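Shown next, in structure tokens, is the structure this report addresses.
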Ligand code: NAI
Ligand code: NA
């Protein structure tokens, strides 16, 4: 089968298994190049492990400190004549590399919000690892079926008080236009978004893991958040998704209470804006990212998901002494993005950006490259005109 990218809006409908494997290999090479993460994690559960920050976390743990990893994700498997999703191929490639390096790696494909998948995960930890010493929570989903009520919640990306109008870009065509987004219809939009992307499910996971006795003494758990610049506040941090992030961050004390007798601790890490399947769905943000990339690359401080996660592990989570936190107790690896000089330049470019000057003043090409690479396309090492065997299975799906 010849596999080419096929897109609909911000979604790519196809994924390339060998390209995905190339993506994973590149990330492994990077992590190895940074050397061993001293006193790093040894047994790790990653929830949301197949793409974006989750797969980068899994790679950092496995290839940075030799960790055994269990990954939970929700992906479409490859089957006879049918392509799987990118996260499926990423996970197959990751496991192949991990096993070749003598590392334990198994995966669970299913709905992480459900009690059933939590139970399967706990059984697997019991059977194979005994306990885990790090739990990464990296889910990004548009919906959640609540395990206790059965209610299906759908998240929305909306401002809260009033309509928001600003620039946005169609990153395929490079057309910059104004977009107006209507505010929430009712409190329900906020509640539903908080139900999907807030902290309740993270807490449910930790409660169940603790109850089952599969958390090691001194366990750490980390979930990911975003703040970003003022120009995206109406749609991001002060919008419905921001309320969910407030809720996620607000769950830290409750999880710390749960972990106290295990000498465990929970953190939220605020990460940099990056091209992932989730962020490409947010209006306004792709234009911001393409300007941000331009500025950060020029200054030599650009990072992708793997650079971010390797740094989170090596320079925040596993250092001697105290972990540096902001005034709200959060880990910050968005420090370079939020630097004043960076933000000042992005704000200036934001004012100038038009369809006509976009290629010149932004890194829209870098955005596109990253987007297609998420799906295994755009790698020099891969011959996309060559037949590829589409049947790639995750070797040790639990
Ligand atoms: P992503 O879309 O690349 O990854 C989402 C992961 O969640 C995938 O592994 C997917 O399989 C899994 N997933 C989704 N629904 C699931 C379900 N029901 N059951 C099991 N697994 C499920 O997203 P990304 O961007 O890596 O986001 C991860 C976290 O990082 C999110 O909390 C996001 O808000 C946060 N973040 C993202 C930033 C960005 O710019 N992309 C910036 C800062 C934080
Ligand atoms: Na992720």
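We did not get these values from a lab; they are worked out from the coordinates using the rules stated. Just so you know, these numbers come straight off a predicted model, no measurement behind them. Please note: Cβ atoms are built from the backbone with ideal geometry, for glycine as well, and neighbour counts cover all protein chains shown.
Anisotropy class assigned to the range 1-137 is oblate, per the alpha carbon gyration tensor with a/c at or over the 1.5 cut-off and a/b no larger than b/c. Peptide packing for 234-240, 179-185 was compared via the average number of neighbouring C-beta atoms within 10 Å per residue; ordered from the highest value, the list is 234-240, 179-185. Fully extending the segment from residue 383 to residue 351 would add 7.5 nm, taking 0.36 nm per residue of separation and subtracting the current Cα-Cα distance. Note on residue 260 and residue 344: the model spin-label points, each 7 Å out from Cα along the C-beta direction, lie 4.6 nm apart. Ordering 231, 139 by the number of other Cβ atoms within 10 Å of each residue's own Cβ, fewest first, gives 231, 139. In plain terms, the chain from residue 82 to residue 298 could stretch by 73.6 nm, reckoned as 0.36 nm per residue minus the Cα-Cα distance. By other beta-carbon atoms within 10 Å, ranking 298, 360 with the fewest at the front produces 360, 298.
Which of the peptides 149-162, 104-117 is most tightly packed, and how do the rest follow, judged by the mean count of other Cβ atoms within 10 Å per residue?
Packing order, densest peptide first, comes out as 104-117, 149-162.
For the range 89-206, the gyration tensor built on C-alpha atoms gives an oblate shape. Its axis ratio a/c (a ≥ b ≥ c) is at least 1.5, and a/b is not larger than b/c.
Distance from the C-alpha centroid of the range 138-152 to that of the range 181-207: 9 Å, rounded to the whole angstrom. The value of relative contact order for the chain, using C-alpha pairs under 8 Å at least six residues apart, is 24 percent.
Using the Cα gyration tensor of the chain, with a ≥ b ≥ c the square roots of its eigenvalues, what is the shape: rounded (a/c below 1.5), prolate (a/b larger than b/c) or oblate (neither)? Verdict is rounded for the chain. Per residue, the chain reaches -11500 deg cm²/dmol at 222 nm when only DSSP H runs of four or more residues are counted, each adding -39500 (n - 2.57).
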